[in-house]
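Student: Below you will find the structure I want to go over with you.
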Amino acid sequence: MIEKFIMAGPTALHVCDSQKGDKCVVLLHGYLESMLVWEDFVPFLYKELRVVTLDLPGHGISVVTGEEHSMEFLADTVADALRALMLVLAIDAEKCSRSN
């Protein structure tokens, strides 16, 4: 895992990236946590998948950009991070539109 900072739009994010694998999983932590919550899981995943973990803004050692970080801001920042890491998000629109 390569540990580094990237620019996700105007926000500096702390990320870890295995940088190998045809498929990728991006692991996001919860409120008031950091990427470290995933450290026990990563060894089981990175041999078969590209694994990316990150500290959301204001968490771990990523920068704080204001007093509040809305869910919309966090979602936009994650999308910017995926673009910065050159990851393409594939969504199966048919599965997403089905109701349970």
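Student: What is the spin-label model distance, in nm, from Ile2 to Met86 if the labels are put 7 Å beyond Cα along the C-beta direction?
Tutor: In this crude label model, Ile2 to Met86 measures out at 0.9 nm.
Student: Among [x] 2, 11, 17, 12, 7, 5, 5, 6, 5, 5, 5, 5, 4, 4, 3, 2, 1, 0; [y] 2, 12, 23, 23, 18, 12, 7, 2, 0; [z] 2, 11, 17, 20, 18, 15, 9, 5, 2, 1, 0, which is the computed P(r) over Cα pairs in 5 Å bins from 0, in percent?
Tutor: [y]
Student: How high is the FRET efficiency between Leu45 and Glu72 when r is their beta carbon distance and R₀ equals 35 Å, given to the nearest 0.05? Spell out each step's value before the answer.
Tutor: On the way: r = 29 Å, r/R0 = 0.82.
E(calc), rounded to 0.05, equals 0.75.
Student: As a test of the formula, what do you get for the chain when each DSSP H run with n ≥ 4 contributes -39,500 (n - 2.57) and the sum is divided by the residue count, at 222 nm and rounded to the nearest 500 deg cm²/dmol?
Tutor: On the way: 3 runs with 23 residues, N = 100.
Rounded to the nearest 500, it is -6000 deg cm²/dmol.
Student: Going by amide H atoms built from the backbone, whose H comes under 5 Å of the H on Ala8, apart from near neighbours?
Tutor: Excluding prolines and chain starts, which carry no amide H, the hits are Leu13.
Where a number appears in this text, it was derived from the coordinates with a stated rule and is not lab data. If you're wondering where the values come from, they're calculated on a predicted model, not measured in any experiment. Glycine gets a Cβ as well: all are built from the backbone with ideal geometry, and neighbour counts include every protein chain shown.
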